[in-house]
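Colleague: What follows is a single structure, and I will ask about it in a moment.
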């Protein structure tokens, strides 16, 4: 079985968020179980030079983008047993950053069409193309619209995964003819039309053979109006073809026993407490193992529940805790946390940047990891926190609900803390309960931490589900 992953990012080559982690790790897990997986990406200007130097040139072709004929170079490298293909066009991709440009609609129209055009030149003809997020949403459309009569492409199936429904790639109707070489027959409510515009993501939803998203709860949520981003009706229509499979993490990369980013590798609570002390010292916080550290490693955007935290921030600090933040985002949120750091210099460390090594030190040195999200398709932070023995405190939504089992004080079951409603005081009450357990029952807390470190959130189970999906899809002919 030959699977080709088409995506806009992949760790360690280019990563802006969780999508990069998934594309970096899932193919490895699938390959270990017997699938033949390769990955195809844009060749961004930001790619580290040592990877560019390893690439082998295959050939160059021309790709249609509407009325244009554009250069496309095909290069590859072998990385940890996976063949990674890079599509080169300096006009589209040789710039700083991956997204956020005025011509993103044209850039990813080119990429989707180019992926299909280069298939005959790859090492293996794919049986399935697994597409990820709006940047590859056009690929299933183009396959059915422009290649259905070509014998080479017949029988190739497509899977489309929604990593975050909020980001949809919506562009004016004019892109149909100008960029996509598609007729008006593709502009209707069961195809690409989205409130008078064209949605690339909806193209994937409408034309892929199978749809997945990154947790079973999120698969249900996005079929409701609150979470559906104006696509809930369409998703209900395709509900029989929509499957939720929770993301995993790379246990080799994220391993407190061998992680070189940590102050000290550890495999038990005592070692974790050494990392906590070093974290407090490094960030200028009061050094005291009895003060719980609540941390967030996050984008500072409304999706992440930042407004809930700010609404009761003084009350949280009134519990005699320390608060550590790492991340960037909306200016209003950054300024608010800078203000709180000035007010509480020995209790608050607000780091308005992103640094992978510091992130891992925070996962290792914290006691509670806060994720009060409005919505969270899967979430990786809570899984990483558990891996390092930091107990997550989350809102019950999406993958957070699927992976964090609330602690039951009677049965002593669970691996974290959770609250149901998007409400600041409900969140505060849950924080109070967690802090009380930390202070009043240190043995129970220690047991929870050490049990959390034993949990398995690797890709093994999830990759089994993907393999079953691929097999069913190929047998459906």
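Colleague: Which whole-number percent is the relative contact order of the range 269-452 (Cα, under 8 Å, 6+ apart)?
Modeller: The normalised contact order for the range 269-452 reaches 22 percent.
Colleague: Counting other C-beta atoms within 10 Å, which of 445, 134, 67 has the fewest, and how do the rest follow?
Modeller: With the sparsest Cβ surroundings first, the list reads 67, 445, 134.
Colleague: Considering all alpha-carbon pairs of the range 306-382, what whole percent are spaced by more than 15 angstrom?
Modeller: When all Cα pairs of the range 306-382 are counted, 59 percent exceed 15 Å.
Colleague: May I ask for the angle, rounded to the nearest 10°, between helix 104-118 and the longest principal axis of the chain, with both axes built from Cα atoms and the value confined to 0 to 90°?
Modeller: 60 degrees
Colleague: Sticking with this structure for a sec: Residue 465 to residue 311: extension gain in nm, 0.36 nm per residue of separation minus the Cα-Cα distance?
Modeller: Values: separation 154, 0.36 × 154 = 55.44 nm, distance 4.04 nm.
Result: 51.4 nm gained on full extension.
Colleague: While we're on this one: Restricting to Cα pairs below 8 Å that are 6+ residues apart, what does the relative contact order work out to for the range 1-61? Please round to a whole percent.
Modeller: Computed value for the range 1-61: 38 percent relative contact order.
Colleague: With r as the distance between the Cβ atoms of residue 255 and residue 153 and R0 = 41 Å, compute the FRET efficiency 1/(1 + (r/R0)^6) and round to 0.05. Mind dumping the intermediate values first?
Modeller: On the way: r = 42 Å, r/R0 = 1.01.
Rounded to the nearest 0.05, the efficiency is 0.50.
Colleague: Please report, to one decimal in angstroms, the Kirkwood hydrodynamic radius of the range 269-452 built from all distinct Cα-Cα pairs.
Modeller: So the Kirkwood estimate lands at 16.1 Å.
Colleague: Now for a separate question. Take 86, 234 and order them by how many other Cβ atoms sit within 10 Å, fewest up front.
Modeller: Starting with the residue having the fewest Cβ neighbours, the order is 234, 86.
Colleague: Among the DSSP beta bridges whose two residues both lie in the chain, what percent are antiparallel, rounded to the nearest 5?
Modeller: 30 percent
Colleague: Per DSSP H run of at least 4 residues, take -39500 (n - 2.57); add these up for the chain, divide by its residues and hand me the 222 nm value, nearest 500 deg cm²/dmol.
Modeller: Calculated from helices alone, the mean residue ellipticity at 222 nm is -10500 deg cm²/dmol.
Colleague: Could you work out the Kirkwood radius for the range 181-263, taking every pair of different alpha carbons, averaging 1/r and inverting it, reported in Å?
Modeller: Working: mean 1/r = 0.0663 Å⁻¹.
Result for the range 181-263, one decimal place: 15.1 Å.
Colleague: Between residue 426 and residue 339, what length comes free when the chain is fully extended (0.36 nm per residue of separation minus the Cα-Cα distance, one decimal in nm)?
Modeller: So the chain would gain 28.9 nm between residue 426 and residue 339.
Colleague: Right, next: Specify the angular offset, from 0 to 90 degrees and rounded to the nearest 10, of the alpha carbon long axis of helix 442-452 from the longest principal axis of the alpha carbons in the chain.
Modeller: Once rounded, one gets 20 degrees.
Colleague: Could you tell me the distance between the Cα centroids of the range 436-477 and the range 88-133, to the nearest Å?
Modeller: Cα centroid of the range 436-477 versus Cα centroid of the range 88-133: 33 Å apart.
Colleague: How long are the three semi-axes of the equivalent ellipsoid of the range 392-477, in whole Å, if each is the root of 5 times an eigenvalue of the C-alpha gyration tensor, listed from largest down?
Modeller: Details: eigenvalues 234, 60, 13 Å².
For the range 392-477, the semi-axes come out at 34, 17, 8 Å.
Colleague: Residue 77 versus residue 188, label points 7 Å from Cα toward the beta carbon: distance in nm?
Modeller: Reported label-point gap for residue 77 and residue 188 is 4.7 nm.
Colleague: Which angle between 0 and 90 degrees, to the nearest 10, do you get for helix 18-32 versus the longest principal axis of the chain when only C-alpha atoms count?
Modeller: Once rounded, one gets 70 degrees.
Colleague: With a 10 Å Cβ neighbour count serving as the proxy for reagent exposure, in which order, fewest first, do 195, 200 appear?
Modeller: Least to most surrounded, the residues fall as 195, 200.
Colleague: Take residue 447 and residue 173, extend 7 Å from each Cα along the Cα→Cβ direction, and tell me the distance between the two endpoints in nm.
Modeller: 6.5 nm
Colleague: Normalised by the residues of the range 376-477, what does the relative contact order come to in percent, with Cα pairs under 8 Å and at least six apart?
Modeller: Over the range 376-477, the number comes to 25 percent.
Colleague: Using per-residue counts of other Cβ atoms within 10 Å, averaged over each peptide, order 390-402, 168-180 from highest down. Let's see the in-between values first.
Modeller: On the way: 390-402: 25.3, 168-180: 18.8.
In decreasing order of mean packing, 390-402, 168-180 become 390-402, 168-180.
Bear in mind that the values in this text are calculations on the coordinates, not laboratory data. Keep in mind it's a predicted model, so treat the numbers as computed, not measured. Every residue, glycine among them, receives a Cβ derived from its backbone with ideal geometry; neighbour counts consider all protein chains shown.
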